[in-house]
Number of protein chains: 2
Amino acid sequence: MPISPPPTIIDIAKRAGVSTRAVSSALNGTGRVSEQTRSVIRQIAEEMRYQPRLAAQLMRARTTGGVALIIPTDQAEASESGAHGPLMTNFVDLGETEGIRFHFDFVSKARAAHDPAPQSFKGAYVDGAIVTDSMPQVPALRDYLMSQQRYPWVCINEEAPYCVLSDFDDAAREAIRLLIGVGHRNIAFAFGPLDFISHASARSSFEKAAREYDLRVENESRAYFPYKPRREGIAEYVAWATEVLRRPDHPTAFLCSDMRISRAVIYAALRQGLLVPEDISVTGMGTTGDAEKGYPCLTSIEPDFRALAELSYQMLKELIEGEQCVQSTRRVPGKLVSRDSVANVPRGMLCG
Amino acid sequence: MPISPPPTIIDIAKRAGVSTRAVSSALNGTGRVSEQTRSVIRQIAEEMRYQPRLAAQLMRARTTGGVALIIPTDQAEASESGAHGPLMTNFVDLGETEGIRFHFDFVSKARAAHDPAPQSFKGAYVDGAIVTDSMPQVPALRDYLMSQQRYPWVCINEEAPYCVLSDFDDAAREAIRLLIGVGHRNIAFAFGPLDFISHASARSSFEKAAREYDLRVENESRAYFPYKPRREGIAEYVAWATEVLRRPDHPTAFLCSDMRISRAVIYAALRQGLLVPEDISVTGMGTTGDAEKGYPCLTSIEPDFRALAELSYQMLKELIEGEQCVQSTRRVPGKLVSRDSVANVPRGMLCG
DNA sequence: CTGTTAGCGCATTCAG
DNA sequence: CTGAATGCGCTAACAG
């Protein structure tokens, strides 16, 4: 049997012997309808499995109730930033509680090069956009966003006219306090590419905290790794960590701004017979998923994705609704979560 | 200045001094318009930055040109299945080349419990759906999909009336041939929860290949791990691997159906002074991202996400367009990709 | 061959 | 509570 076309309010109106206006009122709670007819109409709508057509609603409405979540992605490193997963699921949650349609819109470097306008800005079915980080990878997109006026947008973890940024100051302090508390004095820092705001911000937070706690970090114990795709990066991290750990007075703890660097350090340590966390402590930075995808699970600093999502949406909402001027950049503190990669400094290495 | 509303074909028609029909024809290549007026109209549309309103197009069209990619997700383990990333980016690519709107629709266990109909089935803005695996986590969704008639759907890596499944037979053979080729004879198997089709299918592929190559796998060298969330799982893997590796005649290679198990084995080995890959070889199964997010990068079996996406879309297209009966379940071979976790069996352990 | 007119589709809402 | 108008892109039917 051919599937009958979806019912419209007209079908319902006929069946109920009322006008379409009555149906609309009854279902949306607008206008005036008697409780009597309202419940009859509801009943019938239920039976016929009525669902309003989004297209028809969008035709009428001046505002769409939709928000694009724009995710710049270079196909090659699609899976590298573990942040997209948690961000998306948090936006899904938010969409459910706030009743808005989030439209996930991946824009690839290749596409942006020949047409920088994101797909979701094309059909007039969103009111604005939230843009996730990793924009340095897709510069054309940024230029386009700045140049257009129609859609308000706010950035997550990226400087922009309106943005919300992770703040790692507290978490960095906490991490260093934790390490000092269990006896570590000789600590190494390792950072990912500083043109990514998360790494740059982690660095400044760590350096600030180190100063506050009078921690001396040797220059040889500081590393800055440029961007390398995938495996190449890791090989470099391992080489560095191996080198550092060969020194007789090597550090007993490593603070890293990237999970892969952390993993590389652990690997390098283990290969020289140094156990983690018994001999060497390591912390990471990134998502829960990445922290728990290997062993030992990493004590690490994590962005507060929930808050990032909520705040960015709040800002966007203000921008969409109001002439109201909102605070243009906000910060949300990251948090340190303790797992299994930090322990007391070994007896033999205690100094003072 | 207030932003002027987006232009419509009416605005263009006025500006060009023609009818709206002419504009529509010119822009869509339907009907007949002289090259003359066509280029004039195109010019004007360009200048005015005209974009057709999706809502208006959808109103008229009987088919929407949209496809939902339904991703069942339990918030808690959102980041666990690394497959979502590669799948999504492949669908984005596909959407660009095929000119279809893919609508990513995450459905959480919680939501499905009180309303099993996916959001994307509500407003009549897609023609059908592709459903990714991990459905066992959200059983209500499956029941709903089976019960409804309106939208055709095809499953990826999950048994269903229409589905496309990864086939690891060839890759498993290749993996075992690789290991045997470099001298391994004493091999262990470790599998994740068998109620996930990927693990179950990996198991049968490995067992089949083992028989073909006359490989004897001791019963103590086989492990089946039930589903445990996150860290708990890993601790168990490590305990098992540690135990196995303590045996004097321990295996020299581990074939695992999950990257986390692989990582746990490597960790356990390293802690007992066994190097990977020099002393112990390990393979994994999963995504490129997970294989390269730690060290050593894992030689592993990977689903062919590109083909999975393409085939599932082809099938769905046939279902949407045709009364045509399509082949109802198709298989796409996974592939073995060599990285750094497999090497020659150590001299001392060579047998025969 | 080139073009126009007159609806269609459907949920919402203003004026009765 | 009802009738009719609105929003906009598409297309069958018709005219020059």
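Quick notes on this structure:
- Across the copies of the chain, residue A:239 has label points (7 Å from Cα along Cα→Cβ) spaced 4.1 nm apart, shortest distance listed first.
- When both bridge partners sit in the protein assembly as shown, DSSP labels roughly 10% of those beta bridges antiparallel.
- Förster-model FRET efficiency, 22 Å R0, residue A:239 and residue B:337, C-beta, rounded to 0.05: 0.45
- Per residue of A:283-292, other chain Cβ atoms within 10 Å of the residue Cβ number 3 on average.
- Net charge of Cβ neighbours under 11 Å - reference residue B:131; Lys, Arg +1; Asp, Glu -1: -2
- Highest mean first, the peptides A:219-232, A:295-308 sorted by other C-beta atoms within 10 Å per residue fall in the order A:295-308, A:219-232.
- Evaluating 6.51 cos²θ - 1.76 cosθ + 1.60 at θ = phi - 60° for every residue in segment B:178-187, the Karplus couplings come out as 4, 5, 4, x, 9, x, 6, 10, 9, 10 Hz, glycine and proline recorded as x.
- Label zone at residue B:219, where the point sits 7 Å out along the Cα-to-Cβ direction: segment B:250-290 residues whose backbone N lies under 12 Å: none
- By the compact-protein rule of thumb, 2.2 N^0.38 Å, the alpha-carbon radius of gyration of segment B:1-155 corresponds to a ratio of 1.38.
- In chain A, Cα pairs under 8 Å separated by at least six residues give a relative contact order of 16 percent.
- Packing-based order for A:182-194, B:105-117, using average beta carbon neighbours within 10 Å, highest first: A:182-194, B:105-117
- Annotation: amide H-H contacts under 5 Å for residue B:107 (H modelled 1.01 Å from N, sequence separation of 5 or more, or interchain): B:71, B:73.
- The protein assembly as shown: radius of gyration over Cα atoms, expressed as a fraction of 2.2 N^0.38 Å: 1.07
- Magnitude of the charge dipole, chain A, Cβ model with Lys/Arg +1 and Asp/Glu -1, debye to 20: 900
- Sequence-distant residues sharing a close amide H with residue A:131 (under 5 Å, placed H): A:70, A:154, A:155, A:156
- Legend: mean number of C-beta atoms from other chains within 10 angstrom of residue C-beta atoms, peptide A:104-110, equals 4.
- Helical mean residue ellipticity (222 nm; -39500 (n - 2.57) per DSSP H run of 4+; nearest 500) of the protein assembly as shown: -12500 deg cm²/dmol
- Charge dipole of segment B:270-324 (Cα centre as origin; +1 on each Lys and Arg Cβ, -1 on each Asp and Glu Cβ, all else neutral): 280 debye, rounded to the nearest 20.
- Size descriptors for chain B, from the alpha-carbon set: Rg then Dmax equal 26.4, 90 Å.
- Cα long-axis angle, helix A:197-212 against chain A (0 to 90 degrees, to the nearest 10): 50
- Per-residue mean of C-beta atoms belonging to partner chains within 10 Å, peptide A:46-57: 4
- On the principal axes of its alpha carbon atoms, segment B:252-320 extends 58, 19, 15 Å, with the longest extent given first.
- Around residue A:157: net Lys/Arg minus Asp/Glu count, Cβ-Cβ under 12 Å: -3
- Here segment A:263-314 and segment A:183-206 have alpha carbon centers that stand 13 Å from each other.
- Efficiency of FRET between residue B:14 and residue A:59 - r from beta-carbon atoms, R0 25 angstrom, step 0.05: 0.75
- Over all other residues within a Cβ to Cβ distance under 13 Å of residue B:29, the charged ones net out to +2, with Lys and Arg as +1 and Asp and Glu as -1.
- The antiparallel fraction among DSSP beta bridges confined to segment B:1-110 stands at about 0%.
- Using equal-weight Cα scatterers in the Debye expression, the normalised intensity of segment A:9-51 in log10 at q = 0.24, 0.32 Å⁻¹ is -0.69, -1.26.
Rule-based calculations on the coordinates, nothing more; no lab input. The structure presented is a predicted model; accordingly, all values stated were derived computationally and were not measured. Methodologically, a virtual Cβ is constructed for each residue, glycine included, from the backbone with ideal geometry; neighbour enumeration extends over all protein chains shown.
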